[in-house]
Amino acid sequence: MLALQQYSSDEDNSDHENKDHLEDLTAHLRPINQQNAISSTIQLKAAPEIFTKDDIQVNRHLDSTTKEVKYNPKYEELFAPEIGPGNPFKTQQMLAPRNMMSGFAEPAHISDFQFDNQRKTFTSYGYAIDPSVDNVVAEAKLVGDSSKSDDNKGKTVFELTQKRPEDKRKRQRNDDSSDIEGYLGPWGKFVDEKTIMKPNEEEKKELDEILAKRSKTGKQTEEKVSEEKTTLHVKDAYDYQGRSFLCPPQDVGINLKSDEPPEKCFLPKKLIHTWTGHTKGVATIKWFPKSGHLILSCGMDSKLKIWEVYNDRRLVRTYSGHKQAVRDACFNNSGTEFLSCAYDRFCKLWDTETGECKARFTSKKVPYCIRFNPDEDKQHLFVAGTSDKKIICWDIRSGEIVQEYDRHLGAVNALEFVDQNRRFVSTSDDKSMRIWEWGIPVDFKYIADPSMHSMPAIKLSPNGKWLACQSMDNKICIFNVLNRFKYMRKKLFTGHMVAGYACQPDFSPDMSYVISGDADGKLYVWDWKTTKLYTKFKAHDDVCSTVLWHPHETSKVASCGWDGVIKYWD
C-alpha cells in the first residue's frame, strides 16, 4: 500500500486528483466511527427461535380409505376432518360415514341360531326381541305385535314347537364289536320301528288299480306277426314262352336293357296315365332295377303294389303283410327280391315274382329308410335307418344284426350308397349329414352347419358325382360326392314349398334337369346348369311325395302323392 501511495506521475497538476482517488480506494480499511455504528441501535440475540406445540400441527394425516395402520394413531388423528374441500351437493346423510347403502352397520356378535330364531319368530308371529338394545337387562324389550307376544308369552318359534312322540325314540343298542353277529353300532333300528307296512283294505284296492293300469301301459306285448298274403291281379303269371312279368318287354320301341342314358331329355308336359288302387296315400315309388318296366309303390294302407309301365299298364301284384303304413322299399340288383319297411317296426324281404315273404327283421324300432348293399358280393346285407338314431345292418342269410352305426343324435331319415358303393351317406333329424365307410361304425366325415336344416330325402345323380338333398328350408342342396363332399353353394334349387315333408327329388338321365314334388302337390322342373326353374304344374291333390324320371325315356316322369294315386307324365 505504501508503494502505491508513493507512486506518482511526473505531472504536478494531477497530484491532487490522485490523492482523492486513493482515499476512495482505501475507505473500507478505515475503522468505523462509533457514532454511526448499527450496533448502537440493534441488539443481537444468539439463541434460536423455538416454536411451542400449540404453534405447529403435529398430527399425522390418515387416508380414510386405508385398511391397515402400521402405528398406534391417537383419537385426534382418527377423528380429524378429511382434508380437502367438502362436496356442497352431498346431503348430511351422504356425508355421514357408511359401510352399506342404508348407513353404518357395526358388527354384532350373535349366534346364527339366535338370529334365525328371532327372524323366524318375527316372520311367523310378528314380534321379536329389539336388536338395537343391549339385552343384558332381565326383561328383553320386544318390537312388533305386542298382542301376539302376550298370547304366546313372548316365546320364540323354537320354544313353541310341539314335541312329537317320535322325536326322542330309543334305538336298539349293541356296541360290543366282539359280537360279530349281533353288533349294531350306530346302525341300530328304533325300538318301535316297523319295517314291514301292510296297506289296509281301501289302500289295497287303490294300489291294485294303479298297478293294473301300469301293467297295461308299460308292458311291451309281443306283437303277433301279421300273416303275409299276396294277390296276383293278372290272368297269367307266365306268357307263352314261360317268362314272368319280371322279364322286360321288347316290343315297346325302346331298348330297356341298354346301359346308356338317352342323349337328350325334354320337359314332361301332359298326363298320360293314372294308376289307382291304394286306399290311402302313397309314401314312395321305386323303378324296377335297370329296365324300369315296373313300378313298386309303398302305400300308407300297409300294402305294396307292383304296376306295369308299358302296354296295358295293369296292376300286377299286391303284397300285404305289414300292419301299418309302409315307409320305404328297395329292390336288390336283379329285382328278384325287394325289402320293405313299415311303421309296424318290421322290415320284410319279399320274392317279387311269387309274393312270398322270405324273412322278417325287427329291432323293436321304426325303420325309416332301407337299402340293399349294391355290391354283387354283398347282396345278402342291407342297412336300415331307425327312429332310435341307429343305422342297423342285417344279414339276410342268418337274420342277425351284423353291424350298428350309432353316431347320429336324431332319427335317421335317408340312406344312399356313393363312391362305387364303398361308402354310404346318412341324414338325420339332428340336421347333420354323416358319411360312413362300409363296415366301419365311425363316420369318417360329419357335415353340419348352424345354417343347415334337416334333409330327409337324398338322391344320387345318374353319373354318381352329385348328391341332391331336399332341405327343410325349401331348397334342394347339392353336394359333390367325389370332391370330399363339398357343399355347392351356388347350386341351389328353390321356389317350391317342402317344409315338413320328405319329398324325394330326382335327376333326368342325361343330367340336364332336376325334378321334385312339393307340399302343395305341384311338380317342379329346374335346369341343372343354371338352376333356373323351367316349369311347375299341379300333379296331385295332396303332397307330391316322390317323383322319378324314367331311366330310359327322354321325357317320362312318374309321380305319387298322398292322394293315393300314381301318375305318369310325358
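The values are calculated or read from the model by the stated rules, or taken from the named source; none is laboratory data. Remember, predicted model here, so these are calculated numbers, not experimental data. Methodologically, a virtual Cβ is constructed for each residue, glycine included, from the backbone with ideal geometry; neighbour enumeration extends over all protein chains shown. Side chains included, ligands, DNA and RNA excluded: accessible areas come from the protein's heavy atoms. Shrake-Rupley method; radii C 1.70, N 1.55, O 1.52, S 1.80 Å.
Observations
- A single entry from Ile110, Ile83 fulfils the requirement of being surrounded by 10 or more Cβ atoms within 10 Å (Cβ to Cβ), part of a loop (DSSP other than H, G, I, E, B) and β-branched (Val, Ile, Thr): Ile110.
- Residue match in the range 447-457 (condition: under 22 Å from Lys532 (Cα atoms) and part of a strand (DSSP E or B)): yes
- Qualifying residue in the range 270-286 (condition: over 25 Å from Ser508 (Cβ atoms) and not in a loop (DSSP other than H, G, I, E, B)): yes
- Qualifying residue in the range 414-425 (condition: under 19 Å from the mean Cα position of the chain (by Cα) and surrounded by 14 or more Cβ atoms within 10 Å (Cβ to Cβ)): no
- When residues of the range 503-524 are limited to those that are surrounded by fewer than 23 Cβ atoms within 10 Å (Cβ to Cβ) and of a type in the set (A, V, I, L, M), the one farthest from Gly561 (Cα to Cα): Met511
- Any hit, the range 137-146, residues being surrounded by 11 or more Cβ atoms within 10 Å (Cβ to Cβ) and in contact (Cβ under 8 Å) with a residue 24 or more places away in the chain: no
- For beta carbons closer than 8 Å, sequence separation of 6+ or different chains, a first residue in the range 300-319 that is closer than 16 Å to Lys567 by Cα and assigned to a loop (DSSP other than H, G, I, E, B) and a second that is among the acidic types (Asp, Glu) and open to solvent by less than 60 Å² (accessible area, probe 1.4 Å), the qualifying pairs are Arg314/Glu308.
- Number of positions in the range 512-533 that are closer than 16 Å to Ala468 by Cβ and assigned to a strand (DSSP E or B): 11
- Search result, residues across the range 476-497 that are open to solvent by 60 Å² or more (accessible area, probe 1.4 Å) and in a strand (DSSP E or B): Lys486, Tyr487, Arg489, Lys490, Thr494
- The set of residues from the range 183-192 being in a loop (DSSP other than H, G, I, E, B) and surrounded by 11 or more Cβ atoms within 10 Å (Cβ to Cβ) comprises Tyr183, Leu184, Gly188, Lys189.
- Test: Pro509 is under 19 Å from Thr284 (Cβ atoms), touching a residue at least 40 places away in the same chain (Cβ under 8 Å) and not in a strand (DSSP E or B): no
- Residues in the range 428-455 that are open to solvent by 20 Å² or more (accessible area, probe 1.4 Å), of a type in the set (A, V, I, L, M, F, W, C) and free of Cβ contacts under 8 Å to residues at least 60 places away in the same chain: 6 in all.
- For the range 534-551, the set of residues classified as open to solvent by less than 20 Å² (accessible area, probe 1.4 Å) and not in a strand (DSSP E or B) consists of Ala539, His540, Val543, His550, listed by residue number.
- Restricting Thr386, Thr336 to residues that are buried (at least 20 other Cβ atoms within 10 Å of the Cβ) and either closer than 20 Å to Glu404 by Cβ or of a type in the set (S, T, N, Q) (or both) narrows the list to Thr386.
- Count of the range 329-353 residues, restricted to those that are out of contact with any Lys or Arg (no Cβ under 9 Å at 6 or more places or on another chain) and either farther than 15 Å from Ala384 by Cα or in a strand (DSSP E or B) (or both), is 1.
- Residues that are of a type in the set (A, V, I, L, M) and either over 14 Å from Gln118 (Cα atoms) or open to solvent by 100 Å² or more (accessible area, probe 1.4 Å) (or both), drawn from the range 147-182: Ile180
- The residues on offer are Lys348, Lys280, and the sole one that is under 44 Å from the mean Cα position of the chain (by Cα), open to solvent by less than 10 Å² (accessible area, probe 1.4 Å) and among the charged types (D, E, K, R) is Lys348.
- Sole residue being closer than 18 Å to Lys567 by Cβ and over 31 Å from the mean Cα position of the chain (by Cα), chosen from Thr546, Thr530: Thr546
- Scope the range 131-152; condition at pLDDT 85 or above and part of a loop (DSSP other than H, G, I, E, B); matching residues: Asp145, Asn152
- Positions within the range 212-256 being among the charged types (D, E, K, R), farther than 30 Å from Phe361 by Cα and either more than 54 Å from the chain's Cα centre (by Cα) or modelled with pLDDT of 90 or more (or both), in sequence order: Lys235, Asp236, Asp239, Arg243, Asp251
- Scanning the range 294-315 for residues that are more than 16 Å from Arg327 (Cα to Cα) and open to solvent by 10 Å² or more (accessible area, probe 1.4 Å) gives Glu308, Tyr310, Asn311, Asp312, Arg313, Arg314, Leu315.
- The range 389-413: number of residues that are aliphatic (A, V, I, L, M), open to solvent by 10 Å² or more (accessible area, probe 1.4 Å) and in contact (Cβ under 8 Å) with a residue 24 or more places away in the chain: 3
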